[in-house]
Each structure stands twice: as C-alpha cells, then as structure tokens.
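Enquirer: There's a structure below that I have some questions on.
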Amino acid sequence: MALLRNLCRLSLRSVRAATAPRAASAVLPRSSVRTYSVSSQESKPAAPPSGSGSNVPLLLTVLLAAGAGGAYFLNDDVKNWVNGATSTKTNPTKEDYQAVYNEIAKSFEKDSSYDDGSYAPVVLRLAWHSSGTYDKNNNTGGSNGATMRFKPEASHGANAGLENARKFHEPIKAKFPWISYSDLWTLGGVVAIQEMGGPTIPWRPGRVDKPVEDTPPDGRLPDGAQGQKHLRDVFHRMGFNDKETVALAGAHAVGRCHSNHSGFEGPWTFSPTSFTNQFYVMLLDESWEPKKWDGPFQYVDKSSGSLMMLPTDYSLIKDSTFKKYVQEYAKDEQKFFKDFADVFGRLLELGVPAENFEKAASSLGTKEPLKFKVLADQEKIAY
C-alpha cells in the first residue's frame, strides 16, 4: 500500500503539472519508487505517447485496478514510465541475444548456493511451466505472455518454488530491459540445458508479455501423482504425440523435488545438474519400490534409497508404447538429444502468433532460429 500511495502522489503531481502553464523543457519528477522489476539504468523519463498529452490517465487506471486488488505487479511500460526508464530497443541483433545468454550463464556460475549447486534446473523448470499451459483447442496459454509474473498463475500448485527462478532473472532483466519476460524465461531454459551439457536448442525471439487477464486456468500442467492417461491428456492437449511426451520427460534428468513445494522429495538421478539420458537409464536399470514416509506416494530406488520417481515417471515403463521410447533413449543419448532439442524448441513456441516471430526475424535479418554458443566454447575461441 505504501507503493500505491507513493504512485498516487506522483500521478496527482503530474496531473497538476499537466494542467498548469509550464516551460516546454519541464519534465516529470524522477521517482525513487521501485517495483518488481525495473531497469537499473538512470535515464530521463520517457515522453508521453504522441497525441496523448500525458501518461497520467493510463497510470491512474492501473493504480485504480491495483487498489481494487486486481493487480499483482504493475505493467512493464508503466513501471518503466514511473522509474524514468525505457524497455524499448530498436532491432536487437543476434549479438544482443547472445549477450543475454551469456549473462544468464555467468549468473549460474556466480551463485552455486541453490539446491545441488546450480540455478539451472529451476530456471529450466520455469521455461517449461511458462510454456506448458498451452491448449491447442482454443489457442490459449503457452509461452507468449509470461503471466506467471502475476499472483494468480504464480499461485498455481504446479508452480510452487518457481519464485526462485523468477527472482534469478530479475538482475538480468534490469540489465537488458528491452527483452520481454516471455523471451527471457524461455531463453533461460535454453541456457540451462546447454550449459548443463545438453543439446543446442533452436530459439526464436518475438514473445510479448501480457496482462493478468490472459492468465491460463490452473490444472494444465502435468500432475506428478497421476498415470499414463493423464500424461496423454496433458501432452496431447499441447499438440504432442507419445514419443514427444517421453522425450520431454527426459528433462527430469536434472533437478529435484522439494517436499515443501510439490510434496515429493529427492532427485531423479545421481547427476542432477548434468543434462544426460540418465533419467531413462535409471528408470529401466534400477528397482523401484513405494517410498515409506508420510508424504505423497512416490517411488524410491532399492539400491541407494536416495533417488525418486513420480507416479507419472513410472507410468512411462508401465505403458508399452511409452516404454519403447524410454528404451530407445536409454540406449542412445545422441538420439535423445536430437529429439529433445526439436520438441523442446517447439514447446517454447507454443501460443506465440506466427507474425511475432516473423517481425523479429525481419529485424534480425534471418528467418532461421538462433543457436547460441555455450560459454566454454566462447572462452576457447577467445583464448
């Protein structure tokens, strides 16, 4: 509420200034108010849109909505207007996006305090969850929007713990305010996979952020407590077949579950920060039994008692169609990498209008998806 009062004072001062005679060179006072994400750059306040005379009506509208409890975070354009910054960049280049990639990758290296030593798995999860809400039947949800910025979607049960990934991106968004959250989060998933040793993921920019009204309904993401029918329902709704479903499940090679978030507990593999085909190998080679504990039903490996599988994971070897793809990927990691790169790249584009990508491609001067160099390869070239 303190933030709201400060913004109201700012808007009222601006109203008085807009209606009183003043010199042509006068500008709105710079505000020190900070919101969820703003540019760290100091710059002059953005000029009002042509013909509008003032941004005050827009700001007042947003403030009224916030006062009514309808807003969780302010619209990016309003935040930048208030803080005297602009998020607009004309025609970002491939080098600009590589710079964002590098900043994300370096941020992984800077902080090894999270989980098993890297934020990469939870950043990958954010990219997955912000894209996997797509419904092909009504063309809603998907990666175009980043509506998890708002409380309704952030509060969905499947997204518990993802505030850690969203906060991770904030310094990067502040350094590169021109990139949308939608593009930033999906690019973060690409960086996570590649920097953990996974395949090169083709990626295209062009996503735009949307208001809270475009938040998809809860219940669209996979529920780990379910079985193969549920998996088919969820992934077929997004437009994926059985083989693609199994390929996407391979992302469980990294990361772990947390009992204080999902209720489940433990990693899937012994190398939770390395992207490999070990999820499939463990699923087939280990003996799994129900875990004896007070938490939700899950499986634990008999040999070490330290690994886990969700009911949805285990259903991949209970179903004969799913199992043949599990066996294929367990035998051939390069085949898994090839198929995963293709289907994950398409997952990150769900719900994005084709014209968005076409517009971005026109600015980049190429219709081909961008492919990024990992930090290690860049350092070799520099050396």
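Enquirer: Would you say I317 is assigned to a helix (DSSP H, G or I), without any contact (Cβ under 8 Å) to a residue 40 or more places away in the chain and closer than 30 Å to W178 by Cβ?
Expert: Judged against the criteria, I317 is not a match.
Enquirer: Follow-up. In this structure, is F279 surrounded by fewer than 16 Cβ atoms within 10 Å (Cβ to Cβ) and at negative phi?
Expert: It is false that F279 is surrounded by fewer than 16 Cβ atoms within 10 Å (Cβ to Cβ) and at negative phi.
Enquirer: A further question on this structure: For E358, indicate whether it is modelled with pLDDT of 95 or more and outside any helix (DSSP H, G or I).
Expert: no
Enquirer: Given L350, L375, which one is in contact with a Gly (Cβ under 8 Å, 6 or more places away or on another chain), touching a residue at least 40 places away in the same chain (Cβ under 8 Å) and either over 18 Å from Q278 (Cβ atoms) or not assigned by TED's automatic domain parsing to the domain that holds G250 (or both)?
Expert: Just one listed residue meets the conditions, L350.
Quick grid of which residues meet (1) surrounded by fewer than 20 Cβ atoms within 10 Å (Cβ to Cβ); (2) closer than 24 Å to K324 by Cα:
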{"residue": "H252", "(1), (2)": "no, yes"}
{"residue": "S259", "(1), (2)": "yes, no"}
{"residue": "E265", "(1), (2)": "yes, no"}
{"residue": "T273", "(1), (2)": "no, no"}
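Enquirer: Return the total of residues in the stretch 110-159 being polar (S, T, N, Q) and either outside any loop (DSSP other than H, G, I, E, B) or crowded, with 17+ Cβ neighbours inside 10 Å (or both).
Expert: Result for the stretch 110-159: 9.
Enquirer: Next question. Across the stretch 114-164, what is the total count of residues that are in contact with a helix residue (DSSP H, G or I) (Cβ under 7 Å, 6 or more places away or on another chain) and either of a type in the set (K, R) or not assigned by TED's automatic domain parsing to the domain that holds P205 (or both)?
Expert: 3
Enquirer: I've got another one for you. Looking at F340, F372, can you tell me which residue is within 21 Å of the chain's Cα centre (by Cα), assigned to a loop (DSSP other than H, G, I, E, B) and hydrophobic (A, V, I, L, M, F, W, C)?
Expert: From the options F340, F372, the qualifying one is F372.
Enquirer: Looking for something of a type outside the set (A, V, I, L, M), in contact (Cβ under 8 Å) with a residue 60 or more places away in the chain, assigned to a loop (DSSP other than H, G, I, E, B) and touching a Ser or Thr at 6+ places or on another chain (Cβ under 7 Å) - is there at least one such residue anywhere in the stretch 177-187?
Expert: yes
Enquirer: Just name the residue that is surrounded by the fewest Cβ atoms within 10 Å (Cβ to Cβ) out of those in the stretch 177-208 that are closer than 20 Å to P121 by Cβ and among the polar types (S, T, N, Q).
Expert: Among residues in the stretch 177-208 that are closer than 20 Å to P121 by Cβ and among the polar types (S, T, N, Q), the one surrounded by the fewest Cβ atoms within 10 Å (Cβ to Cβ) is T200.
Enquirer: Okay, next question. Show the residue pairs that are 6+ apart or on different chains and have beta-carbon atoms under 6 Å apart, the first residue being within the stretch 152-174 and over 15 Å from I104 (Cβ atoms), the second being part of a helix (DSSP H, G or I).
Expert: From the stretch 152-174, the pairs are E153/T147; A154/M148; N159/H129; L162/L126.
Enquirer: Then there's this: So for the stretch 223-246 (the condition being among the basic types (K, R) and either assigned to a loop (DSSP other than H, G, I, E, B) or buried (at least 19 other Cβ atoms within 10 Å of the Cβ) (or both)), does at least one residue qualify?
Expert: no
Enquirer: Could you list all residues from the stretch 192-212 that are over 19 Å from L350 (Cβ atoms) and either among the hydroxyl-bearing types (S, T, Y) or not in a loop (DSSP other than H, G, I, E, B) (or both)?
Expert: The answer is Q194, E195, T200, V212.
Enquirer: To continue, here is another question. Given the criterion in contact with a Phe, Trp or Tyr (Cβ under 7 Å, 6 or more places away or on another chain) and over 21 Å from R346 (Cβ atoms), identify the matching residue among T269, T245, T276.
Expert: Just one listed residue meets the conditions, T269.
The values are calculated or read from the model by the stated rules, or taken from the named source; none is laboratory data. All values reported here derive from a predicted model rather than from experimental measurement. Glycine also receives a Cβ, built like all others from the backbone with ideal geometry; neighbour counts cover every protein chain displayed.
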